[in-house]
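For reference, the structure discussed in these notes is given below.
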Amino acid sequence: MVGVLGLMALAPAASATGAPPSGGGGGAQYVATPKIAKVKCVRRCASKKRARAGSVLRLRGRDLAEVEMVTFRGSYGKSDDVTAGAVGSSASAVRTRVPMGAVTGPISVATADGVESGATAPVSILPPPPPEPNAELSPVPGPRAQGAPALETGTSRTKAYAGARRAVTFSFRLSDAVPSALNVELVRASDGTVVKSWAPEGVTPDAVHSVGWTGKLGRSYAAPGRYAFRLTAATADGAVARSAQAGDVQRDAFDLYDHIFPVRGRHDYGGAGARFGAGRAGHSHQGQDVFAACGVPMVAARGGRVQYSGYHSAAGNYLVIDGAGTELDYAYMHLAEPSPFRAGDRVYTGQRIGSVGETGNAQGCHLHFELWGRPGWYEGGRPFDPLSSLESWDSWS
């Protein structure tokens, strides 16, 4: 698996000349460019010493004493970058905790003056342990003041996908007292920020009420990560009940992911010839092959609008989707049968688009999968290696 934690080679380093801190007067002080040589998970690791949200990583290298920030660069662009503080920095080592929302990808560090290291090879990061399911209404852990309503809550699922058709549903029931004020908040677990809120009206005691969320904040999709619903109910005389303590990332929590792995059955990534850039007659391989039995269901890794659907002598039955809320196009080739979707159709994340096949110029049943950057598939964009993205999606799907 690409980027398994352990001893790792450093990608080409940034300039070693260093940079002066900002500020005037008396000449600039030299700040050496930090360099990372090894990354290792040392605490709260997943199996085989792999990292996941909440794990502690030790980064070894040179000129790390001034490092204050660690950036987890994700799989593509800056949209999935997350940062964490550095702890215990010394000249040769620094520690950091993997933040919620970090995904497989390179890591870099930076000093307070903005001097940044080169990026490491991709580091495998697994998602955190899933939240505890509570799809059925159950009494909350509190806190609850005397005279406040008794609360029961439930959340429909612990795993959700941006761009999927179905919303996450939060349900609740109150008893023992009538609230004069009621508020439901959606909290981002990584920093405790309230990203959305509801003020349900017409709530009656002993009846079940619900609110739903589609994964969008305004017109944009929320960043991947853990979120939790929080219910607050207050009576007219000020007695307050809350569904959970602040900082609780388990109660009524769910993980939001930006993609789902497209092949929904046993699969593998083949050998060297299946990789992006492998030699082909007159060209190089522009995607990653995922081998599976013919007929295994195939779903949209990310929802969006169908851009192309048809047949090509090399690609076989194929489909291209313009990913909603992304700058990417997603191409699926060698489908067993023509996809039922046509250009312009709306497809949702996780919705079935076809089956694994070997139509066109294919040897063995497999999905040939491509990712294209802006402005898109054969519209001036370029394909890039999708393997690290596929492996990330595979780890949580």
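Since every read-out is calculated from the coordinates, none of them should be taken as a lab result. Remember, predicted model here, so these are calculated numbers, not experimental data. In this analysis, Cβ positions are derived from the backbone assuming ideal geometry, glycine residues included, and neighbour counts consider all displayed protein chains.
Once you have the Cα-Cα distance between ASP206 and SER47, take 0.36 nm times their residue separation minus that, and quote the gain in nm to one decimal. Each step should come with its number before you reach the end.
Numbers: separation 159, 0.36 × 159 = 57.24 nm, distance 4.46 nm.
Additional length available on full extension: 52.8 nm.
For the stretch 170-291, a/c is not less than 1.5, where a ≥ b ≥ c are the root eigenvalues of the C-alpha gyration tensor, and a/b tops b/c. That puts it in the prolate class. Please list, or write none, the lysines whose alpha carbon is within less than 18 Å of the alpha carbon of LYS159, excluding same-chain residues fewer than 8 places away. Within the straight-line cut-off, LYS159 pairs with LYS216.
A cut-off of 5 Å between modelled amide H atoms, ignoring neighbours fewer than 5 places along the same chain, links MET69 with ALA86, ALA110. With a simple spin-label model that places each label point 7 Å from the Cα along the Cα-to-Cβ direction, the separation between ARG342 and GLU379 comes to 2.0 nm. Here the stretch 31-106 is treated with +1 on each Lys and Arg Cβ and -1 on each Asp and Glu Cβ, and its dipole about the Cα centre works out to around 560 debye. Fully extending the segment from SER284 to ALA93 would add 64.7 nm, taking 0.36 nm per residue of separation and subtracting the current Cα-Cα distance.
A Cβ-based charge dipole, computed about the Cα centre of the chain with Lys and Arg at +1 and Asp and Glu at -1, lands at about 780 debye. Between the listed residues TYR348, ASN183, GLY282, the Cα displaced farthest toward the positive end of the dipole of the chain, a dipole computed from Cβ unit charges relative to the Cα centre, is found at GLY282.
Between ARG165 and GLU68, what is the FRET efficiency for a Förster distance of 51 Å, r being their Cβ-Cβ separation, to the nearest 0.05? In this case the efficiency is close to 0.75. With a ≥ b ≥ c the root eigenvalues of the C-alpha gyration tensor of the stretch 272-396, is it rounded (a/c under 1.5), prolate (a/b larger than b/c) or oblate? Rounded. Highest-first packing order for the peptide set 371-377, 130-136 is 371-377, 130-136, based on the mean count of other beta carbon atoms within 10 Å.
Short-range pairs are left out: with C-alpha atoms under 8 Å and at least six residues apart, the relative contact order of the chain is 12 percent.
Given axes a ≥ b ≥ c from the Cα gyration tensor, I'd like to know whether the stretch 339-397 is rounded (a/c under 1.5), prolate (a/b larger than b/c) or oblate.
On the way: a/c = 1.17, a/b = 1.06, b/c = 1.11.
Rounded.
Arranged from fewest to most other beta-carbon atoms within 10 Å of their beta carbon, VAL194, VAL263 become VAL194, VAL263.
Once both labels are positioned 7 Å from their Cα atoms along Cα-to-Cβ, the gap between VAL56 and ALA37 label points is 2.3 nm. Using R0 = 22 Å, the C-beta based FRET efficiency linking ALA293 and GLN351 works out to 0.60. Backbone N atoms of the stretch 229-260 closer than 18 Å to the 7 Å Cα→Cβ label point of ALA145 belong to residues 231-246. Of the beta bridges in the chain, as assigned by DSSP with both residues counted there, near 95 percent are antiparallel. Each helix, a run of at least 4 DSSP H residues, gives -39500 (n - 2.57); summed and divided by the residues of the chain, these come to -500 deg cm²/dmol at 222 nm.
Given LEU328, ALA272, SER392, which one lies farthest toward the positive end of the charge dipole of the stretch 272-396, if we put +1 on the Cβ of every Lys and Arg and -1 on the Cβ of every Asp and Glu? Among LEU328, ALA272, SER392, the one farthest towards the positive end of the dipole of the stretch 272-396 is LEU328. When restricted to Cα atoms, the chain yields an Rg and a Dmax of 24.3, 78 Å, respectively. Restricting the calculation to Cα atoms, the stretch 64-105 shows an Rg/Rh of 1.03 when the hydrodynamic-style radius is the Kirkwood one.
Using the crude model of +1 on Lys and Arg Cβ and -1 on Asp and Glu Cβ, and no other charge, please compute the dipole size for the stretch 138-257 relative to its Cα centre, in debye to 20.
The dipole of the stretch 138-257 has a size of about 620 debye.
Restricting attention to the stretch 35-126, close to 90% of DSSP beta bridges with both partner residues there are antiparallel.
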